[in-house]
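Just below is one structure, and these are the notes that go with it.
The values are calculated or read from the model by the stated rules, or taken from the named source; none is laboratory data. What you are looking at is a predicted structure, and each value in this text was computed from that prediction instead of being measured. In this analysis, Cβ positions are derived from the backbone assuming ideal geometry, glycine residues included, and neighbour counts consider all displayed protein chains. Side chains included, ligands, DNA and RNA excluded: accessible areas come from the protein's heavy atoms. Shrake-Rupley method; radii C 1.70, N 1.55, O 1.52, S 1.80 Å.
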Amino acid sequence: MSAGRPPRIQVTGRSRAGKSTVRNALSLISAEETAPIDVPGQPDPVLDGDLIIYVLPGALDTADCRILATLPPDRTLVVLNKADAIGTRWSDAALAADRHTAALGFLTLPAVASLAVHTRAGTFTEPDLRTLHRHRTRSDPAFTLTPDLFTDPSIAEDTSARRTLLARWDLYGITCALTALRHNPALQPQPLLQVLHSASGIDPIHHELHRRYEQAAARLARESASHQADPAPDNE
């Protein structure tokens, strides 16, 4: 089969949906990030890619519904980003994604793309682990409820270390790491990193995107072969 051009990927969604973060989490270096779809007075971006990743930051709004109604389901994958802000458990985000899939007709998968970016870019340092172990026995759920509570100086003397940890892993990553270390205090940096990467939800999205990319590449190759076999008629 003749090779066609590479499939063109677009990443789109509302302002502050996390488009750049999702693009980076999926390592889509060549993907096109469009302008936001909800800027008053600005035209909607042209969404004509071979694959379209629509980033949805939680609940649907009218702009999402308007744009999604124009997109082909077989070429569109919806990423329910910032899943850590939906409910109190991962199952809450998974159920929300299932509801969106049923209502919209587009496969919707949950993710915490910011955590996936952190797990791709770094690893747990010894200072990270020391800070986590100092606080892994804390049972108060408010400890990791907000950044201010997590870095409250009245909690302990390691305020600077907690701020550093927060900058490196965000609250959701810290919460996942503390939970993992409570179950297995002997976890080393690499296994702990794998736990957080799994908790980001990015792998199922990556696998589905790869499957669709292969389908799109095959479709483009067929179109290229058909064009070569049936050239345009000579006008002379």
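Here's a check for you: in the range 24-34, which residue that is without any contact (Cβ under 8 Å) to a residue 24 or more places away in the chain and open to solvent by 60 Å² or more (accessible area, probe 1.4 Å) is nearest to His210 (Cα to Cα)?
If we take residues in the range 24-34 being without any contact (Cβ under 8 Å) to a residue 24 or more places away in the chain and open to solvent by 60 Å² or more (accessible area, probe 1.4 Å), then Ile29 is nearest to His210 (Cα to Cα).
I need every pair where a residue in the range 41-56 that is closer than 10 Å to Pro72 by Cα has its Cβ under 8 Å from the Cβ of a residue that is surrounded by fewer than 20 Cβ atoms within 10 Å (Cβ to Cβ) and of a type in the set (Phe, Trp, Tyr), sequence separation at least 6 or different chains.
Listed pairs, sorted by first residue: Leu51/Tyr213.
In the range 145-162, how many are part of a helix (DSSP H, G or I) and not β-branched (Val, Ile, Thr)?
7
Hey, any hits in the range 86-102 for a residue that's among the β-branched types (Val, Ile, Thr), under 30 Å from His227 (Cβ atoms) and either without any contact (Cβ under 8 Å) to a residue 24 or more places away in the chain or open to solvent by less than 40 Å² (accessible area, probe 1.4 Å) (or both)?
No - not one qualifying residue is present in the range 86-102.
Quickly run through the range 163-206 and pick out the residues that are touching a helix residue (DSSP H, G or I) at 6+ places or on another chain (Cβ under 8 Å) and assigned to a loop (DSSP other than H, G, I, E, B).
Pro185, Leu187, Ser200, Gly201
Among the residues of the range 49-63, write down those that are at negative phi, surrounded by fewer than 20 Cβ atoms within 10 Å (Cβ to Cβ) and modelled with pLDDT under 95.
Ala59, Leu60, Asp61, Thr62, Ala63
Would you tally the residues in the range 103-143 being open to solvent by less than 50 Å² (accessible area, probe 1.4 Å), free of Cβ contacts under 8 Å to residues at least 24 places away in the same chain and either aliphatic (A, V, I, L, M) or more than 12 Å from Ile174 (Cα to Cα) (or both)?
1
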